[in-house]
Structures are given as C-alpha cells and as structure tokens.
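Here is the structure we will look at, set down as structure tokens.
The values are calculated or read from the model by the stated rules, or taken from the named source; none is laboratory data. Worth saying up front: this structure is predicted, and the values here are computed from it rather than measured. Neighbour counts run over all protein chains shown; Cβ positions are idealised from the backbone, glycine included.
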Amino acid sequence: MTPPESPTASHTPGATPPRDFPIQRGCPFAAPAEYAALRTDDPVARVTLPTRREAWVVTRYDDVRELLSDPRVSADIRRPGFPALGEGEQEAGARFRPFIRTDAPEHTRYRRMLLPAFTVRRVRAMRPAVQARVDEILDGMLAAGGPVDLVSAYANAVSTSVICELLGIPRHDLEFFRDVTRISGSRNSTAEQVSEALGGLFGLLGGLVAERREEPRDDLISKLVTDHLVPGNVTTEQLLSTLGITINAGRETTTSMIALSTLLLLDRPELPAELRKDPDLMPAAVDELLRVLSVADSIPLRVAAEDIELSGRTVPADDGVIALLAGANHDPEQFDDPERVDFHRTDNHHVAFGYGVHQCVGQHLARLELEVALETLLRRVPTLRLAGERDQVVVKHDSATFGLEELMVTW
Ligand code: HEM
C-alpha cells in the first residue's frame with residue numbers, strides 16, 4: 001500500500017532531509033546516543049516515520065513536560081497528522097479508538113472509569129495477591145529447570161497474570177496475550193493484522209462482559225459492567241476498547257521492565273548486592289530503573305492543534321509530534337550524570353510514565369509488580385545467570401515498547 005502524503009510535512013529544498021525515526025538504541029540501558037546530540041543541537045527535530053510521514057521529536061526534559069501538559073496538544077489518532085509508527089496502528093487505532101489516543105471530554109470519561117481501581121490504596125492492598133502470584137510463577141519456573149527464557153517464563157507470566165487477575169479474566173493462555181500485544185504494537189503489522197489480533201481479544205473480553213452482566217463477581221470487569229455499562233454510561237464496544245487498552249498498555253511495558261531490569265542487574269552485580277544489603281532501597285531502585293530504561297520512550301504520540309513553540313522552535317499546527325521520554329529521562333540539565341544507575345538519586349522526577357492528562361493510569365500497580373518481581377527473583381534465585389553469551393540476548397526493536405524478545409537464563 002502506498003503511504004499517504006503527510007498533509008503538512010514539507011522541508012526547504014536543499015535543507016538536510018529529516019532523519020529516520022525511530023532511532024535504535026546501541027546500549028539497551030540507555031537512550032539512543034543520537035538523542036544527546038538532538039537535545040543540544042536540534043531539540044525539536046524533524047523526522048521521517050516508518051509510515052514515510054514526517055513529524056517532530058522533542059528530546060529535552062523541560063520541553064517534553066511542557067508539550068505533554070499543553071492543552072493545545074491533541075492525542076486524537078483520527079487527526080491526519082497523528083504520528084503513529086506503523087500503518088496498522090494508525091488505521092486500526094482510528095477504528096477502535098483506545099482512550100489513550102483520544103482527547104477530553106471523551107478521554108476524561110474513560111480514564112475516570114478506571115482510576116478508582118488504580119489508586120495507591122487499592123494497589124497497596126494487592127501486594128499479598130501479587131506476591132502469591134509471583135511466587136507461584138517462580139515455583140513453576142524453578143521446577144521446570146533451566147535454561148529458560150525469562151521473558152516468557154517470568155516477566156510476561158507476571159505482568160499478564162496480575163492484570164488478568166485484577167480484571168477477572170480466568171487463567172488463560174499467556175502466549176495469547178503476548179501475541180495480541182506483539183501484533184497490535186508492531187510497526188510492521190498491517191491494519192488487518194492489528195484488527196484481527198484486537199478482534200480476538202475483544203471476543204474473549206466480550207464473552208466475559210456478557211457473563212458478568214448476568215452474574216457479577218468481585219473483579220474489575222464486573223465493577224465496570226455494573227457501574228458503567230448497565231446504567232448506559234458506555235456501550236459494550238467502548239467498554240471492550242477500554243479493557244483492551246488497559247491490558248495492552250499494562251502488559252508489554254511491565255514485561256519489558258522486568259526483563260530489562262533483570263539483565264541490567266545481571267550485568268552489574270554491584271547493584272543487586274546493594275539491594276540485598278538494604279532491601280528498603282527497592283522502591284527507589286525501581287524508579288531509577290524506570291528512568292534509565294525508559295521502555296515507553298516513543299509511546300506519547302501527539303498532534304499540535306495550534307502552532308506550539310518549544311525551545312525557540314515552532315511545531316506548526318496539525319503536525320505530529322513525539323515526546324521522547326528516554327530523551328527527557330537522560331537530560332543532563334535535569335539528571336546529574338544521567339547514564340549512572342544510582343539507587344540513591346534524590347528528586348528523581350522522571351517521566352517514564354509520561355506526564356500530563358495521559359500520565360499512566362497503572363503506574364502504582366506497575367511499581368508494585370516491579371518491586372515484587374525483582375525482589376523475589378533476587379532473594380529466591382541468588383545464583384541466577386545468563387544461559388548463553390551476552391550478545392545472544394535478543395532485543396526487540398520493532399515494537400512501541402522497547403524490550404527483550406528473549407533472555408535465556410539458568411541458575
Ligand atoms: C513499567 C510499566 C509501565 C510503563 C513504563 C507505562 C508507561 C505509560 C506511559 C508513558 C503512558 C502515557 C502515554 C501517553 O502519554 O500517550 C501510559 C499510559 C497508560 N498506561 Fe501505562 N505504563 C506501564 C504500566 C501500566 C500498567 C500496569 C497499566 C494498567 C494495568 C497501564 C495502563 C495505562 C493506561 C490505561 C494508559 C492510558 C492513560 C491515558 O491515556 O489517560 N500502564 N503508560
């Protein structure tokens with residue numbers, strides 16, 4: 001299919017052509033090296049996306065926060081300038097309209113539906129259940145014996161089981177959810193492939209919504225059905241889209257964080273040693289890992305609804321613009337020696353969960369999962385090590401979330 005022309009993108013003849021985006025990471029534990037040059041020389045830079053549309057990327061911490069809290073910025077995927085990284089995401093997103101890709105008042109309505117389930121207090125109460133699930137998954141992994149792929153046997157199992165338990169999705173094939181996210185989040189998927197993957201997910205969720213309507217239980221699907229679907233605040237389609245994005249947004253990001261953090265801790269034994277000596281450091285360590293790894297780097301996709309000025313440059317109205325979270329989280333103007341992994345860092349106001357009205361709904365749950373998953377792994381498997389050579393670790397570059405395809409470990 002021939003990609004459509006961007007309606008606004010044009011550059012002066014003879015000027016340097018926009019660079020291709022995304023820019024790959026060299027080191028999995030840092031932002032792409034080019035982001036440092038962009039922050040200094042071209043903080044609001046023109047790029048060409050894989051769809052061949054053009055857009056802007058913003059790399060400075062202050063600019064990223066300003067952009068994401070600017071009411072003149074839209075997250076509506078139906079806008080022609082929306083900078084999706086794949087044709088499949090753009091087309092299927094415009095069809096299914098997950099609320100992450102909508103604006104107020106619609107966005108506010110769906111977000112408010114979810115927020116009560118993700119407060120600090122509600123998430124704190126989930127700790128024993130999350131710990132039990134993590135222990136059970138680790139028991140299974142240890143009983144099966146190594147070498148094993150930690151991404152599927154642990155990271156994906158933890159993130160998927162926790163979200164399924166919260167929603168009230170009965171035990172299900174973990175690979176099913178991984179495939180749905182993999183296909184719907186891949187830049188290489190067509191709109192048909194994305195629609196088919198999401199259709200499978202909506203089919204599963206639709207069955208559960210119908211069941212819970214008849215017989216509510218103590219789970220989030222029942223709560224949303226009783227409080228919002230039955231009174232007619234939302235249609236079944238809107239509810240399915242909201243449940244679908246909650247699963248998709250929460251699963252892959254958390255999987256990536258658990259797997260990449262484990263790899264970093266294996267690479268740098270002084271870091272787990274620090275955590276074993278002082279377990280109270282874990283919450284700060286998790287936030288530092290979130291900052292350093294910035295797995296959701298290019299998830300905040302926006303369109304300028306008006307001309308917007310940042311660092312003395314103008315993003316013209318209707319152009320797509322991407323707030324690069326890894327750029328912001330490695331900005332030396334904000335973080336002293338940003339490449340250093342420092343569990344004692346103070347004022348760690350990172351933007352790994354985004355910023356502004358779309359800031360991650362599930363961030364407290366994500367922190368809890370990371371704390372429990374990493375603490376349990378370090379405590380119960382002190383001899384954990386890579387099963388192959390370091391350069392055999394398979395990095396995932398084609399997805400909206402940066403992460404690992406596979407991490408073979410043994411103990
Ligand atoms: C380490 C794990 C996670 C990271 C790094 C992460 C990152 C993000 C980021 C950067 C955004 C903002 C996107 C934007 O501005 O366009 C976001 C939004 C969102 N996240 Fe997360 N997330 C994580 C885990 C979770 C979990 C566990 C859940 C739920 C179970 C979740 C649910 C959501 C939802 C529903 C949104 C959309 C919010 C809105 O548009 O108002 N996330 N996440």
Notebook entry, point to check: What do you reckon, is P71 assigned to a loop (DSSP other than H, G, I, E, B), at pLDDT below 95 and of a type outside the set (G, A, S)?
Noted result: no
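Yes or no, residue by residue, for (1) assigned to a helix (DSSP H, G or I); (2) touching a Ser or Thr at 6+ places or on another chain (Cβ under 8 Å); (3) surrounded by fewer than 16 Cβ atoms within 10 Å (Cβ to Cβ):
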residue: D76; (1), (2), (3): no, yes, no
residue: G93; (1), (2), (3): yes, no, no
residue: I100; (1), (2), (3): yes, no, no
residue: R111; (1), (2), (3): yes, no, no
residue: I137; (1), (2), (3): yes, yes, no
Next item on the list: Can you run down the residue pairs with Cβ atoms below 6 Å, 6 or more apart or on separate chains, where the first is in the range 282-308 and over 18 Å from A328 (Cβ atoms) and the partner is among the aromatic types (F, W, Y)?
Entry: A284/F343; A285/F343; V303/F82
Notebook entry, point to check: Out of all the residues in the range 159-168, which are closer than 16 Å to R212 by Cα and within 12 Å of the ligand (Cβ to nearest atom)?
Noted result: C164, E165, L166, L167
Next item on the list: Give the residues of the range 361-411 that are crowded, with 19+ Cβ neighbours inside 10 Å, of a type in the set (A, V, I, L, M, F, W, C) and part of a strand (DSSP E or B), sorted by residue number.
Entry: L404, V409
Check: Looking at (1) closer than 20 Å to M408 by Cβ; (2) in contact (Cβ under 8 Å) with a residue 60 or more places away in the chain, which is the one condition that is false for N188?
Finding: (1)
Check: Condition test on V151, is it in contact with a strand residue (DSSP E or B) (Cβ under 8 Å, 6 or more places away or on another chain) and within 16 Å of the ligand (Cβ to nearest atom)?
Finding: yes
Check: List the pairs whose first member sits in the range 249-274 and is within 25 Å of V180 (Cα to Cα), whose second member is within 10 Å of the ligand (Cβ to nearest atom) and of a type in the set (D, E, K, R), and whose Cβ atoms are under 6 Å apart, counting only residues at least 6 apart or on separate chains?
Finding: T254/E369
Checklist line | Selection within the range 105-132 - within 24 Å of S69 (Cβ to Cβ), more than 10 Å from the ligand (Cβ to nearest atom) and hydrophobic (A, V, I, L, M, F, W, C) | finding: M113, V120
Next item on the list: Please state which of the following conditions L293 fails to meet, knowing it meets all the rest: (1) within 25 Å of V148 (Cβ to Cβ); (2) touching a His at 6+ places or on another chain (Cβ under 6 Å).
Entry: (2)
Check: Is the range 308-320 home to any residue that is loosely packed, with under 14 Cβ neighbours inside 10 Å, farther than 20 Å from R39 by Cα and either acidic (D, E) or under 17 Å from the mean Cα position of the chain (by Cα) (or both)?
Finding: no
Note to self: Looking at (1) closer than 30 Å to V148 by Cβ; (2) out of contact with any strand residue (DSSP E or B) (no Cβ under 6 Å at 6 or more places or on another chain), which one does A259 not meet, given that it meets all the others?
What the structure shows: (2)
Check: Inside the range 31-52, can you point out the residues that are outside any helix (DSSP H, G or I) and modelled with pLDDT of 95 or more?
Finding: A31, P32, A33, D42, P43, V44, A45, R46, V47, T48, L49
Notebook entry, point to check: Name the residues in the range 218-262 that are more than 13 Å from the ligand (Cβ to nearest atom), part of a helix (DSSP H, G or I) and among the hydroxyl-bearing types (S, T, Y), would you?
Noted result: S222, T226, T236, T262
Notebook entry, point to check: Mind checking which residues of the range 340-360 are in a loop (DSSP other than H, G, I, E, B), within 14 Å of the ligand (Cβ to nearest atom) and crowded, with 18+ Cβ neighbours inside 10 Å?
Noted result: H350, V351, A352, F353, G354, Y355, C360
Next item on the list: Considering only residues that are in contact with a helix residue (DSSP H, G or I) (Cβ under 6 Å, 6 or more places away or on another chain) and farther than 17 Å from T160 by Cβ, look in the range 361-373 and name the one that is nearest to the ligand (Cβ to nearest atom).
Entry: V361
